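*Asks:* Before anything else, here's the structure in question.
Bear in mind that the values in this text are calculations on the coordinates, not laboratory data. For clarity, every value in this text was computed on a predicted model and none was experimentally measured. Glycine gets a Cβ as well: all are built from the backbone with ideal geometry, and neighbour counts include every protein chain shown.
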């Protein structure tokens with residue numbers, strides 16, 4: 001009887017830890033992440049931080065789920081694209097991919113195996129041109145003293161500018177401690193269609209951007225040789 005009671009008590013904990021009802025494609029802005037030149041040449045564009053299965057009622061969850069261990073050989077065919085669009089800006093790429101799979105990918109293993117997880121993240125990144133949306137709306141990377149309103153950045157991503165229609169849904173913005181644009185999350189429902197990032201996520205963490213003074217720092221100039229022109233895809 002004691003064993004049975006313990007089992008019933010444990011079941012909901014396991015379920016709650018693995019429940020998710022949407023995904024975040026988390027994109028990071030290299031100049032803010034690196035606080036200057038990055039340790040490796042990267043494209044002048046947002047890069048992938050991760051694809052995070054998420055719970056709309058519990059921001060930051062699920063994470064570190066029990067699942068398959070990372071195996072780099074399973075994504076060998078994706079490595080050239082991952083090196084370009086999902087680099088570790090401050091260290092080893094494979095370490096970064098391992099961390100993202102074991103922290104987040106395992107939580108959606110009922111939807112994606114390891115190869116499917118990384119492949120889908122690359123596909124989503126290719127289909128959402130955040131830098132293009134911002135440029136179309138007149139929001140460009142500028143010297144540190146130039147600032148934008150976070151509401152204007154969100155508005156352009158959601159509704160677009162002169163050429164682009166935007167995603168049609170609210171993104172999540174995160175800023176660094178000195179209020180420079182650090183990350184943008186684009187949210188998707190379980191069918192991988194755009195959806196609004198939920199209210200609890202928009203108001204979550206200490207990295208919420210202050211509305212009147214969001215910096216969008218430019219890449220250091222002159223850029224390293226591989227950054228001389230933006231990579232198109």
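*Asks:* Multiplying the sequence separation of residue 189 and residue 165 by 0.36 nm and subtracting their Cα-Cα distance, what value in nm do you get?
*Replies:* 6.7 nm
*Asks:* Over the alpha-carbon set of the chain, divide Rg by the Kirkwood Rh and report the Rg/Rh ratio to two decimals.
*Replies:* Here Rg/Rh amounts to 1.00.
*Asks:* Next question. Using a Gaussian network model of the chain whose springs link C-alpha atoms within less than 10 Å, name the residue from 171, 41, 80 with the highest mean-square fluctuation.
*Replies:* Among 171, 41, 80, the largest GNM mean-square fluctuation belongs to 80.
*Asks:* Order these by the 10 Å Cβ neighbour count, fewest first: 79, 66.
*Replies:* Ascending Cβ contact count within 10 Å gives the list 66, 79.
*Asks:* Next up: Calculate, in nm to one decimal, what residue 115 and residue 203 gain on full extension: separation in residues at 0.36 nm each, minus their alpha carbon distance.
*Replies:* In short, 28.5 nm is gained.
*Asks:* So, one more: Rounded, prolate or oblate: which one fits segment 60-143, using the alpha carbon gyration tensor with axes a ≥ b ≥ c (rounded when a/c is under 1.5, else prolate when a/b beats b/c, else oblate)?
*Replies:* Taking the square roots of the gyration eigenvalues as a ≥ b ≥ c, segment 60-143 is prolate.
*Asks:* Once both axes come from the Cα atoms, what is the angle between helix 114-127 and the longest principal axis of the chain, in degrees from 0 to 90, rounded to 10?
*Replies:* Around 30 degrees separate the two axes.
*Asks:* If the elastic network links every pair of Cα atoms under 10 Å, which of 68, 176, 154 fluctuates the most in the Gaussian network model of the chain?
*Replies:* Of 68, 176, 154, the Gaussian network model singles out 68 as fluctuating most.
*Asks:* OK, next. Helix 2-18 sits at what angle to the longest principal axis of the chain, using alpha carbons and giving 0 to 90 degrees rounded to 10?
*Replies:* That works out to roughly 20 degrees.
*Asks:* Set the Förster distance to 30 Å, then compute FRET efficiency between residue 142 and residue 68 from the Cβ-Cβ distance, nearest 0.05.
*Replies:* 0.10
*Asks:* May I ask you to list the residues of segment 39-71 whose amide nitrogen lies under 18 Å from a point 7 Å from Cα along the Cα→beta-carbon direction of residue 94?
*Replies:* Residues passing the 18 Å test: 69-71.
*Asks:* How big is the antiparallel share of DSSP beta bridges in the chain, given as a percent to the nearest 5?
*Replies:* Taking every DSSP beta bridge with both residues in the chain, the antiparallel ones total about 90 percent.
*Asks:* Could you put 172, 35 in order, starting from the residue whose Cβ has the fewest other Cβ atoms within 10 Å?
*Replies:* By the 10 Å Cβ count, ascending: 35, 172.
*Asks:* Ok, one more. Please build a GNM for the chain, connecting alpha carbons under 10 Å apart, and tell me which residue among 220, 31, 62 fluctuates the most.
*Replies:* 220
*Asks:* Where the centre of each part is set by its Cα atoms, how far does segment 20-37 sit from segment 174-213, in angstrom?
*Replies:* After rounding, the separation between the Cα centres reads 10 Å.
*Asks:* Once a ≥ b ≥ c are taken as the square roots of the eigenvalues of the Cα gyration tensor of segment 33-85, is the result rounded (a/c under 1.5), prolate (a/b larger than b/c) or oblate (a/b not larger than b/c)?
*Replies:* oblate
*Asks:* Let me ask you something else. Which of the three applies to segment 152-222, rounded, prolate or oblate, going by the alpha-carbon gyration tensor with a ≥ b ≥ c and a/c under 1.5 meaning rounded?
*Replies:* It is oblate, given that a/c is not under 1.5 and a/b is not larger than b/c.
*Asks:* Here is a further query. Taking the 0 to 90 degree range and rounding to the nearest ten, how far is the long axis of helix 93-103 tilted relative to the main principal axis of the chain, both from C-alpha atoms?
*Replies:* Between the helix axis and the principal axis of the chain, the angle is about 40 degrees.
*Asks:* Please order 48, 184 by the number of other Cβ within 10 Å, starting at the fewest.
*Replies:* Going from least to most buried by this count: 48, 184.
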